[in-house]
Amino acid sequence: MALPAAEALGLDIAEIDQRLADNYSLPTRCYWDPEIFAFEQEAIFAKRWQFMCPINKLANPDDVAVRQVGKYPIVVTRDRNGKLHGFLNICRHRGYTVAEHDQSKCLRLVCRYHTWSYNLDGSLANAPDAEGEAGFDKEALGLLPVAVEQWGPMIMVHPDPGARSFRETNPILMQAAEEAGFKPDMSRYTPVKEIEYEIETNWKLWYDNGTECYHCPNIHGASFGDAFNVAPEDTTIRLEENFSSYTFKGNPNPKANGLSAENYISFQVFPGLVVVLHDDILHMTAMTPLAPGKTRHSTFYFGEEDADPARVEGWVKIWHDTYCEDNVATAIQYNNLKSAGQPYNRYVAGREYAAQHFNAMIWVDYKAALAA
Ligand code: FES
Ligand SMILES: [Fe+2]
């Protein structure tokens, strides 16, 4: 698909290069303009691997999982032979949804509209009253594929079925996960909760917020900032192409919730995956941009086998409170910035260099698409 040129989008490349170098943000118009949002769907989300769901959703043959990934409705299946398949969740007849929710023991994907049905390998199984028609090529009417791959406890998808594999695309991430000992044994974890938020904000404000902890002592004083030691000198942040990784130490004296944990490791994989592992609990988040001012944040929580269930529940509450606090803050920012009164935000590089790192990644994708 042809993308608009920089001038058509009102983006001055040299000026933005300079602003980013001077610790400013992307133009704040990029946070609310619908044309920019449509451009980003093509320039970023159509071109990158993204988190689909945790592996427990697709653990057994005949499991089916659905989710919006970028602008695409996606369905992933595990067929009878145990093989994973990914498809656009769009009926080849007239575009209705072939799977409306996650399922297990699913024999066929049946579109509710006119009941065309598909095998879990995507082939068209039955199209009522159509098969006798001249030129009806059943073989050519299977679901359209996307690429799918497992990384640790996560299923990743890429809208392009010919995309280079996730592992090959992310060698440094593979190495960093190995070095950090990030290899959760999912047989030792139980799914405890899924929480979905639709935040009235732009996805890049979600990124800015989720990659700096400058705000942690302030808005998370009784949640994340109580459970963990958020002093910058005690936090490690690793920034690499496509991802960041964080470690925090537990707060030895948590007052608000009485919970603290060690062995914190998280990965923020661009765009939209966050996975956080520490004592007691593992959780994975998928971010989906739905509109310039609407961002979905879906979190899947897993409790550790031998953890006290009350602690696991306490952690879900702490994380939920933390995310709710973030959601309020980023919705306020979105509302203010879309007034168009302030052209750029100014970062504090010493505290927000990780947010700036993600802005640089976003800008690399913008520039690659604008040059294409
Ligand atoms: S749109 Fe699916 S059967 Fe008609
Ligand atoms: Fe936060």
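Couple of notes before you dig in:
- Cβ-based net charge around residue 347, under 9 Å, with every Lys or Arg adding one and every Asp or Glu removing one: -1
- The sum of -39500 (n - 2.57) across all DSSP H runs of n ≥ 4, divided by the residue count of the chain, sets its helix-only mean residue ellipticity at 222 nm to -8000 deg cm²/dmol.
- A quarter of the convex hull surface defined by the alpha-carbon atoms of the chain gives 20.0 nm² as the mean projection.
- Angle of helix 349-371 to the longest C-alpha principal axis of the chain, folded into 0 to 90 degrees and rounded to 10: 30°.
- Sites residue 340 and residue 150, calculated FRET efficiency, Cβ-Cβ separation with R0 45 Å, nearest 0.05: 0.55
- Within the listed set 72, 96, 31, the Gaussian network model of the chain (springs between alpha-carbon atoms below 10 Å) gives the highest mean-square fluctuation for 96.
- Annotation for residue 371 and residue 200: the two label points, set 7 Å from Cα along the Cα-Cβ direction, are 4.0 nm apart.
- Cβ-derived FRET efficiency at R0 25 Å, residue 305 paired with residue 175, nearest 0.05: 0.35
- Scalar couplings 3J(HN,Hα) for region 194-210, obtained by applying the Karplus form with A = 6.51, B = -1.76, C = 1.60 to θ = phi - 60°, are 10, 10, 10, 10, 10, 9, 7, 8, 8, 4, 6, 6, 4, 5, 3, 5, x Hz; x denotes Gly and Pro.
- FRET efficiency for residue 364 and residue 188, using Cβ-Cβ distance with R0 set to 56 Å, rounded to 0.05: 0.90
- Note, ³J(HN,Hα) from phi for region 273-287, Karplus 6.51, -1.76, 1.60, rounded to Hz, x at Gly and Pro: 9, 10, 10, 10, 10, 8, 3, 5, 8, 10, 9, 10, 10, 10, 9
- Projected area, mean over directions - region 50-169, Cα convex hull, nm²: 7.5
- Cysteines not pairable in the chain (beta carbon separation under 4.7 Å absent): 30, 53, 106, 324
- Nonlocal amide H pairs with residue 102, under 5 Å, H built at 1.01 Å: 66
- Computed from phi, the 3J(HN,Hα) profile of region 289-302 under the Karplus parametrisation 6.51, -1.76, 1.60 (θ = phi - 60°) reads x, 9, 6, x, x, 8, 10, 8, 10, 10, 10, 10, 9, 10 Hz, with x in place of Gly and Pro.
- Mean Cα-pair separation over length for the chain, i.e. relative contact order, pairs under 8 Å, 6 or more apart, %: 20
- Spin-label zone in region 216-258 - amide nitrogen under 18 Å from a point set 7 Å from the Cα of residue 313 along the C-beta vector: 257-258
- When each of 67, 29, 94 is scored by the number of other beta-carbon atoms lying within 10 Å, the sequence from fewest to most is 94, 29, 67.
Here, each number is a calculation from the coordinates, and none is a lab measurement. Keep in mind that what you see is a predicted model, and the values were worked out from it rather than measured. With ideal geometry, Cβ positions are generated from the backbone for all residues, glycine too; neighbour counts draw on all protein chains shown.
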